[in-house]
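Chemist: I am attaching a structure below and will ask some questions about it afterwards.
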Ligand code: TYD
């Protein structure tokens, strides 16, 4: 089935200069890259992204990690891929959540680590299923930032918005 998937290269992946390596590994899945964006993650965005983890003892560390608090590069690269079985293909290349349990040849297995505080620095995020993928893509991207119409859109009038433009 043709699917969309959100991939985030997390601050450890960016700080370790793994961006090119990760894109090369993910290209093995032969999917179409329809959006990419460097994002300075706000606390609100991180909390909405990880809302399913609220209440877990590691929640605050995961939020801090996403904000870049533990790494020199305090941003993430957000990507949207489209293609047949896109979620499974990306998750297989990525490996298990816990980098020490991940297949050593997977991206997380070869590049991730667990910190002394127990945070899984697992280099990238990949949507877990099609429902989450849609929720996450709509959270991280505006429709015009994707080069393909992956979800239905509508035109709405937005009154008195403030927008940064080139000076
Ligand atoms: P989760 O959504 O369960 O996994 P995945 O990213 O593989 O879909 O968890 C989100 C993040 O929370 C995960 O990437 C790393 C962190 N995490 C921990 O630090 N400790 C844990 O025990 C778990 C389950 C997750």
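The values are calculated or read from the model by the stated rules, or taken from the named source; none is laboratory data. Quick caveat: nothing in here was measured; it's all calculated off a predicted structure. Ideal geometry is used to build each Cβ from the backbone, glycine not excepted, and the neighbour counts take in all protein chains shown.
Chemist: If you take the residues of the range 124-150 that are farther than 18 Å from residue 85 by Cβ, in contact (Cβ under 8 Å) with a residue 40 or more places away in the chain and assigned to a loop (DSSP other than H, G, I, E, B), which of them is farthest from the ligand (Cβ to nearest atom)?
Modeler: The selected residue is 147.
Chemist: Near the ligand (Cβ under 9 Å from one of its atoms) and either out of contact with any helix residue (DSSP H, G or I) (no Cβ under 6 Å at 6 or more places or on another chain) or at pLDDT 95 or above (or both), is that true of residue 160?
Modeler: No, not satisfied.
Chemist: Here are 39, 76, 34: which of them is more than 17 Å from residue 134 (Cβ to Cβ), surrounded by 19 or more Cβ atoms within 10 Å (Cβ to Cβ) and touching a strand residue (DSSP E or B) at 6+ places or on another chain (Cβ under 7 Å)? Step through it out loud before you land on a result.
Modeler: Values: 39 fails: surrounded by 19 or more Cβ atoms within 10 Å (Cβ to Cβ); 34 fails: more than 17 Å from residue 134 (Cβ to Cβ).
Unique residue meeting the criteria: 76.
Chemist: Still on this structure: Considering (1) in contact (Cβ under 8 Å) with a residue 60 or more places away in the chain; (2) buried (at least 19 other Cβ atoms within 10 Å of the Cβ); (3) at positive phi, say which one residue 85 fails and leave the rest.
Modeler: (2)
Chemist: Same structure again: Within the group 121, 101, which residue is within 15 Å of residue 9 (Cα to Cα) and within 15 Å of the ligand (Cβ to nearest atom)?
Modeler: 121
Chemist: If I ask for residues that are under 16 Å from residue 137 (Cα atoms), in a helix (DSSP H, G or I) and either more than 15 Å from the chain's Cα centre (by Cα) or within 14 Å of the ligand (Cβ to nearest atom) (or both), which ones from the range 61-90 would you list? Give the steps one after another, and end with the answer.
Modeler: Start the filter on the range 61-90 by keeping residues that are under 16 Å from residue 137 (Cα atoms), which leaves 76-83, 86-87, 90.
From what's left, in a helix (DSSP H, G or I): 86-87, 90.
87, 90, listed by residue number.
Chemist: Test residue 112 against the stated conditions and say whether it is loosely packed, with under 14 Cβ neighbours inside 10 Å, within 13 Å of the ligand (Cβ to nearest atom) and under 20 Å from residue 69 (Cα atoms).
Modeler: No, not satisfied.
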